[in-house]
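The values are calculated or read from the model by the stated rules, or taken from the named source; none is laboratory data. Small disclaimer: the values here were computed from a predicted structure and weren't measured. Reconstructed Cβ throughout: ideal geometry from the backbone, glycine too, with neighbour counts over all protein chains shown. For the accessible areas, the whole protein counts, side chains as well, though only heavy atoms, and no ligand, DNA or RNA atoms are used. Shrake-Rupley method; radii C 1.70, N 1.55, O 1.52, S 1.80 Å.
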Amino acid sequence: MLNLYNKRVDQILTYAIAGVWLINGLVCKWLNLVPRHQEIVGVILGEQHAGLLTKLIGFGEVILAFWVLSKIYQRTNTIVQIALVMVMNILETILVPEMLLWGRMNMVFAVIFSGILLWKEFIFKPHIK
């Protein structure tokens, strides 16, 4: 079988994926530069603690970015990322589609992102078996 693995492409994808989590966690949620994220949390989890919960979610996303960069337990990390993205997007699509940047189309982007994660870790990259 032809091995198309390229270490540089893998590295670029790793940085891009970590960047998605870092930007969403730090910029959008922790620094609240995209207030819509806190509004969504408020509707789904309650307005009373939306600020704190949004910051905690953002902190978790920043930790996830560093986990991606650490390359520790990469396959477990990939499964966790896919689960988080899909659960979050399913809930938001059902509960607050009107608050999403692309409405119900957000789900398409979630599936594409999850597909990239899956491809990168389980198909593209060779693993010792």
Describe numerically, in nm with one decimal, the distance between label points set 7 Å from Cα along Cα→Cβ at residue 16 and at residue 56.
3.3 nm
Quote the FRET efficiency, to the nearest 0.05, computed for residue 6 versus residue 83 with a Förster distance R0 of 22 Å and r equal to the Cβ-Cβ distance.
0.20
Here the membrane-span-like helices of the chain, with no claim about any membrane, defined by DSSP H, Cα axial extent at least 15 Å and mean Kyte-Doolittle at least -0.5, are 7-22, 50-70, 74-95, 106-118
Probe radius 1.4 Å, ligands and nucleic acids ignored: give me the carbon and sulfur share of the accessible area of the chain as a rounded percent.
73 percent
Assuming a strict under-23 Å limit between Cα atoms, what lysine pair count do you get for the chain once near-sequence pairs (fewer than 8 apart, same chain) are dropped?
9
Size of the dipole of the chain about the Cα centre, Lys and Arg at +1 and Asp and Glu at -1 on the beta carbon, nothing else charged, in debye to 20?
600 debye
